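Each value in this text was obtained by applying a stated rule to the coordinates, not by laboratory testing. Not measured: the values here are computed from a predicted model. Because the Cβ atoms are built from the backbone with ideal geometry, glycine has one as well, and the counts that use them run over all protein chains shown.
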Amino acid sequence: MMIQVTAEDIRQGTANRDAGRCLMAACCPVAMALTRHLKVKCTVIGKNAWIGDHYVSLTKKVEQFVEAFDDGKPVKSFRFRINLPKTTKGKTK
């Protein structure tokens, strides 16, 4: 499944981080994109994501984006592929 992290995800994450309201999911553009696409709460920590009740490893590309974003460096919207467990796929459609 392809996931799109949008400029709006980045803008919202930056606004939340800069306002001091940084909860992991509220500040992470990747978590916001996953939640939007999958219709289930997602949290991202480094190169891993909690998607509903499942733990999923993310790609190096996502890990590098999260590190740059967390360091306050400029980032751009991007797409990434994620492989979901069958039970997650069934719950999110």
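Summary of values
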| read-out | value |
| --- | --- |
| Amide hydrogen neighbours beyond the local backbone of Ile45, cut-off 5 Å, H modeled | Trp50 |
| Around Lys61: net Lys/Arg minus Asp/Glu count, Cβ-Cβ under 14 Å | +3 |
